[in-house]
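The values are calculated or read from the model by the stated rules, or taken from the named source; none is laboratory data. Quantities reported herein were computed from a predicted structural model and do not represent experimental measurements. As a convention, Cβ positions derive from the backbone with ideal geometry for all residues, glycine included, and neighbour counts pool all protein chains shown. The protein model used for the area step is the full one, side chains on, heavy atoms only, and it has no ligands, DNA or RNA in it. Shrake-Rupley method; radii C 1.70, N 1.55, O 1.52, S 1.80 Å.
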Amino acid sequence: MGRRRFLGLGAALTGSLAVGGKQAIADPAQESPPADAPWSQSIGAGVVDRPYGRPADTEASVIRRNVPWLTASAESSVSFSPLQDLHGIITPNGLFFERHHAGRPDIDPAQHKLMIHGLVERPLLLTMKDIMRFPSVSRIHFIECPANGGMNWRAAQMNSLQFSHGMVSCAEWTGVKLSTLLEEVGIKKQAKWAMVEGADGAHMNRSLPLDKCLDDCLVVYAQNGEALRPEQGYPLRLVVPGWEGNVNIKWLRRIKLGEKPWHTREETSKYTDLMPDGTSRGFTWLIDAKSVVTFPCPEKPLDGPGLYEIRGLAWTGNGKVKRVDVSMDGGVNWQTARLHEPVLSKALTKFTLPWRWDGRPALVASRVIDENGYVQPTIAQLRAQRGSNSVYHNNSIQTWQVKSDGSVFNVQLA
Amino acid sequence: MYSSRKICLPIIAILLACAANLAGAAEPGSFGYGSVATPAQIAGWDIDVRGEDGTGLPPGNGTVDRGAEVYAEQCAACHGTFGEGEGRFPKLVGGVGSLRDERPEPTVGSYWPFAPTLWDYINRAMPMQAPHTLSADDVYALTAYILNLNDLVPHEFVADRNSLPKVKMRNRDNFIWTDPRPDTMTKPCMNDCVNAADVRISSTAEGRNLTPRTTGPLDTMQQK
């Protein structure tokens, strides 16, 4: 009996017989080499078996995950990218972290419009077709929620790379420069600010200085070469390179120019940083330089002493990553890691460093320096300035404790 | 011939660059895509309100008592009858004087700097399951009710486009609207940066039992 027929039969039979069937098949790990595994002695699925591809079934654990106890409802909540299983600077579209305030709307692009008005010469209403006719640009940028790492402000809480750093993702975005659209409507002299607003139930809106809008903001309809995912703002979103995730308005439907900022709920009640003296910082848009070792990490322990490649990601909203140093002893000594091309402005940058682990306990950490000379701070340095109630913008050095059995834990150093 | 070409070419290049620049300075409407938004179309979407001075607040008004009625129907299930917040849903009252505490409670009463922002947020985002479905009058009434719950306005207060910008919010003057970062600066030391004997773990996530699993199906853990 051929193996394929045998398998088919096994599946059709009852549970106990199916188990018997399994035992009859050669265990590829035991027998190969030299024996061929079943997939080498059979014919695979044909083209368009999966017209839109998907990861291998054995990668089913590599998914966005949430912290159910963190928020009251999944509609106003966040999910985290599985950084521990990603290998480059581009986040696959299905794994890009999510942050919604009124759930994910499923928008008909034929009905979606972008309105640009306020202090402009010629207010416009654009369809998706109109927007796609404008000269297009593609740029690679990260987006990070400023609350990424927020759960570790007070103490090391999340024993996981995914949950401590997974609110950052990076994609190639394609769309129109916002400056092109604003020139097309004609900016009136008094205009200094823009209010950007989404078409979701939150009608999410934020104020942006006009200078930033004209500098490098993009109105995008594509992500990594395909249409935006609904979770990322389909059919249209704003990308504000290097600035906190919340201003990168998804499902973008309106841009209004004005003389002053709006002080919306999301830039007063939220996304402001409470200091120990009771004052708050508002309009703290910039994502400061940050880095993290992605291997080893709590999800990816070490497998006995020997030679390893330390791997990690670094990024800054303030230009390019210039250097990353890695320490294995909790910051006593540092070695400069290798940066991998491409090193792009306001994009994730990959670094690696070979490490021969002797099996003794270690404290592994990375520290990025950006092109302005800014050095990623320790959590103690941040707390000295901001206390531990500011929720947002925790860009501190992450330390992973490696125990002698190879297991890895999220720790903070005094 | 050869030398004049050498001179001419840069001049032509400059002229071309100027012409391109003129085109690039883009007169409004130079692409001509889309349609000019009509005043009626703009009015349909023009919902934003400026927090500081209430610019954009529409006509209409609402009382604290009317607000209490709408609130009981549309908001109390999540935010609690008196704004105390059900479960993990946000509190709308309390926390006054707590902002310097170990566990501060930022709310409308303790934290929000501008009252018109409250009208704007309720109007655009609440109630959560049916956002932007309330009348302007009801949003005014809810705003009056929540401000009154927070002892920011008296029971007779009527919220409208003139009264809301005048409400003095407790935390109004405690925001700094310019970013003082970078607020840490260090030199990147490479060797013997700290005394090895002083390296001490001050906190660990080990054994805290707060982290959902990161393999297998999604975790449903709730906080203990």
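Structure data summary
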| quantity | calculated |
| --- | --- |
| Some residue of the range A:42-55 being open to solvent by less than 40 Å² (accessible area, probe 1.4 Å), part of a loop (DSSP other than H, G, I, E, B) and at pLDDT 95 or above | no |
| Positions within the range A:70-79 being of a type in the set (A, V, I, L, M, F, W, C) and surrounded by 15 or more Cβ atoms within 10 Å (Cβ to Cβ), in sequence order | A:LEU70, A:ALA72, A:VAL78 |
| Restricting the range A:282-319 to residues that are open to solvent by less than 20 Å² (accessible area, probe 1.4 Å) and facing chain B (nearest Cβ under 9 Å), the residue that is nearest to A:ILE369 (Cα to Cα) | A:ASP288 |
| Candidates A:LEU382, A:LEU339, filtered to the one that is at the interface with another protein chain (Cβ under 9 Å from one of its Cβ atoms) and hydrophobic (A, V, I, L, M, F, W, C) | A:LEU382 |
| Subset of the range A:252-280 [in a strand (DSSP E or B), within 13 Å of A:LEU208 (Cβ to Cβ) and more than 8 Å from chain B (Cβ to nearest Cβ)] | A:LEU252, A:ILE255, A:LEU257 |
| Residue within the range B:36-43 that is in contact with a helix residue (DSSP H, G or I) (Cβ under 9 Å, 6 or more places away or on another chain), within 13 Å of another protein chain (Cβ to nearest Cβ) and open to solvent by 70 Å² or more (accessible area, probe 1.4 Å) present | no |
| Any chance A:ALA222 is open to solvent by 20 Å² or more (accessible area, probe 1.4 Å), small (Gly, Ala, Ser) and outside the structural domain of A:GLY317 (by TED's automatic domain parsing) | no |
| Any hit, the range A:59-73, residues being outside any loop (DSSP other than H, G, I, E, B) and at pLDDT below 95 | yes |
| Given (1) open to solvent by 10 Å² or more (accessible area, probe 1.4 Å); (2) of a type in the set (D, E, K, R); (3) within 13 Å of chain B (Cβ to nearest Cβ), index of the condition A:ARG206 fails | (1) |
| Candidate set: the range B:69-98, residues that are within 23 Å of the chain's Cα centre (by Cα) and over 22 Å from A:THR71 (Cβ atoms); chosen: the one most open to solvent (accessible area, probe 1.4 Å) | B:VAL96 |
| Residue in the range B:172-224 that is nearest to the other protein chains (Cβ to nearest Cβ), counting only those that are more than 29 Å from A:LEU274 (Cβ to Cβ) and not in a loop (DSSP other than H, G, I, E, B) | B:ALA196 |
| Filtered residues of the range A:181-217 (kept if in a helix (DSSP H, G or I) and either touching a Lys or Arg at 6+ places or on another chain (Cβ under 8 Å) or not basic (Lys, Arg) (or both)) | A:LEU181, A:LEU182, A:GLU183, A:GLU184, A:VAL185, A:LEU210, A:ASP211, A:CYS213, A:LEU214, A:ASP215 |
| Condition check for A:LYS403: among the charged types (D, E, K, R), on the phi > 0 side of the Ramachandran plot and in the same structural domain as A:CYS297 (by TED's automatic domain parsing) | no |
| Options A:GLN162, A:GLN232: the member that is at pLDDT 95 or above and facing chain B (nearest Cβ under 10 Å) | A:GLN162 |
| Some residue of the range B:107-126 being surrounded by fewer than 20 Cβ atoms within 10 Å (Cβ to Cβ), more than 7 Å from chain A (Cβ to nearest Cβ) and assigned to a loop (DSSP other than H, G, I, E, B) | no |
| Filtered residues of the range A:320-348 (kept if open to solvent by less than 40 Å² (accessible area, probe 1.4 Å), under 16 Å from A:GLN398 (Cβ atoms) and assigned to a strand (DSSP E or B)) | A:VAL321, A:VAL324, A:ASP325, A:VAL326, A:SER327 |
